[in-house]
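Notes to accompany the following structure.
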């Protein structure tokens, strides 16, 4: 199976809810790194799995949506603890919306909130 990945970074804020996590319950920033991973069994007639420029543009637009925002205040996090687990799923579903790439079988998001902690969400396409 082929894999193509694109990575970006951004800063956003959040505070955790629903439990006592000490300083994590207070508003704080993370320097996130997000990687979009695309998977497929076959390439197109040009030898590509996917148009990387399209993925870069989608990723940049989504990163711009979250950059310098407080996640708790965004509608997609309403009623949710803005954990990196929820964030990776939301990010994956948003970037997969309207994706027109017939060779793709799956997409995954790997989202780091710092140098040592990350979460991932993978979904099957088609």
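Miscellaneous remarks
- Ranked by how many other Cβ atoms sit within 10 Å of their own Cβ, fewest first, the residues 6, 11 fall in the order 11, 6.
- Sum of -39500 (n - 2.57) over DSSP H runs of 4+, divided by residues of the chain (222 nm, nearest 500): -7000 deg cm²/dmol
- With 0.36 nm allotted per residue and the present C-alpha distance subtracted, the residue 68-residue 97 stretch has 8.1 nm of extension available.
- Length gained on full extension, residue 20 to residue 53: 7.6 nm, using 0.36 nm per residue less the C-alpha separation.
- The C-alpha atoms of the chain define a longest principal axis, and helix 52-66 lies at about 10 degrees to it.
- Using alpha-carbon coordinates, inclination of helix 84-96 to the longest axis of the chain, degrees: 40
- A Förster radius of 25 Å combined with the Cβ-Cβ distance from residue 115 to residue 5 puts the calculated FRET efficiency at roughly 0.85.
- Distance from the C-alpha centroid of the stretch 55-126 to that of the stretch 1-49: 6 Å, rounded to the whole angstrom.
FYI, it's all coordinate maths here, none of it is from the lab. Given the structure is predicted, the values throughout are model-derived calculations rather than measurements. Because the Cβ atoms are built from the backbone with ideal geometry, glycine has one as well, and the counts that use them run over all protein chains shown.
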